[in-house]
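Read through the structure below, which is laid out as structure tokens, and then see the notes.
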Amino acid sequence: MSWFDRLRQGLSRTRDVLAAEAGSDWEMDWDDLEIALIAADVGAALAAEVVAEARKERERGTKFRDALEQALLDQLEPDRMRQKLRRVGFELDVKRNVVETHGKVVMVIGVNGVGKTTTIAKLGQYYRAHGRSVMFAAGDTFRAAGSAQLAVWGERLGIPTVTAPDGADPGAVAFDAARSRAARGHDLLFVDTAGRLHTQHNLMEELGKVKRVVGKADPGEPGEVWLVLDAVTGQNGLEQARRFHDAVGVTGVIVTKLDGTGKGGILLRIARELALPIRFVGVGEAAEDLQPYDAAAFVRALLDMPRAAA
């Protein structure tokens, strides 16, 4: 199964929410469309804006589904990227263009249970498949066997992992790993962190400490701080993102478990309200179910359209 087909399958619950109002031909009353978008967790204000833009396109003679696609893309992708994505085709784009990082160290953060450790393992596989040499830092020392879990992944994938006993200082783990990466010359280091609620002030401050010690070990790093959000949380994820961004300066978002929810519309709010780039999306447990975010592919999969021709 291609990535686009997996994405389309993974978005089936969200698509069902929309199709409940749309019907098989995607022609519907504008009020029904707005209700359907809100039900998919787009949010009331943004849903109204999408409907208004789609309605303008429809009045110009554009087919309903095409008008809706255009309105959704306006929210999800800057104009300068849209033609590129349509021109190269989604499968070609995913295979040839690696998601580049700023710097060499990527901190991966998020609340408990979003799947940070397994996401890091998938990221390691992705970047290694694109010719990058990768290291892991098992900084989740609070969770029982949290460090060991990433170490197991590292051993399975052949990726060196810096670990520490349960209860060890996560800043020390990150410091040692950052120095090791610089000494060994690896392209990328992914630093795992313990899950924490965005309302836990002391633990949020600890993330800032981890970020600072990485910079001491490897000046200018971490170049990226990626927040993992569980799509199932819907709009609650927005508040999480705001708090984490205030604490450590999030540079990108990874949205997981899109296959487990009808709230896939949350991506529109992330892109529009948070102004944070979505780096990857996940639609399943397998390694290949986490892939670079492609706005045009997302919209076409959501509306159950065929992929663009390469």
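Legend: ranking of residues ILE120, ILE278 from fewest to most surrounding C-beta atoms inside 10 Å; resulting order ILE278, ILE120. Among beta bridges identified by DSSP and lying wholly in the chain, the antiparallel ones come to about 10 percent. For the pair the range 121-141 and the range 226-251, the centres of their Cα atoms are 22 angstrom apart. Think of it as helices only: each DSSP H run of n ≥ 4 in the chain is worth -39500 (n - 2.57), and spread over all residues that comes to -15500 deg cm²/dmol at 222 nm. For the Cα atoms of the chain, what angle does the longest principal axis make with the long axis of helix 30-39, in degrees from 0 to 90, nearest 10? Helix 30-39 sits at roughly 20 degrees to that axis.
Which of MET1, MET107, MET204 has the fewest other C-beta atoms within 10 Å, and how do the rest follow up to the most?
Result, fewest neighbours first: MET1, MET204, MET107.
The shape of the range 243-303 can be summarised by an equivalent ellipsoid whose semi-axes, obtained from the alpha carbon gyration tensor, come to 20, 14, 11 Å from longest to shortest. Only aspartates and glutamates eight or more places from LYS104 in sequence, or on another chain, were considered; those with a Cα closer than 12 Å are ASP187, ASP218, GLU221, GLU224. Per-peptide packing, taken as the mean over residues of other Cβ atoms within 10 Å, places 210-221, 56-67, 181-192 in the sequence 181-192, 210-221, 56-67 from highest down. Counting neighbouring beta carbons within 10 Å and listing from fewest to most, the residues SER12, SER2 come out as SER2, SER12.
The C-alpha atoms of the chain occupy a region whose extents along the principal axes are 61, 41, 30 Å, arranged from largest to smallest. Once the gyration tensor of the Cα atoms in the range 181-310 is diagonalised, the equivalent ellipsoid follows with semi-axes of 29, 19, 12 Å, ordered largest first. Seen against the Cα atoms of the chain and their longest principal axis, helix 201-217 is set at about 70 degrees. Taken along the Cα-to-beta-carbon direction at a fixed 7 Å, the label points for ASP304 and TRP30 span 2.5 nm. Counting only alpha carbon atoms, the long axis of helix 236-248 and the longest principal axis of the chain meet at about 40°. Stretching ASP176 away from ALA44 to a fully extended chain increases their span by 42.9 nm, per 0.36 nm per residue minus the current alpha-carbon distance.
For GLU224, the residues whose modelled amide H falls within less than 5 Å of its own, excluding neighbours fewer than 5 places apart on the same chain, are VAL105, MET107.
Here, each number is a calculation from the coordinates, and none is a lab measurement. Please read these numbers as outputs of a predicted model, since none were measured by experiment. Heads up, the Cβs are rebuilt from the backbone with ideal geometry, glycines too, and the neighbour counts pull from every protein chain shown.
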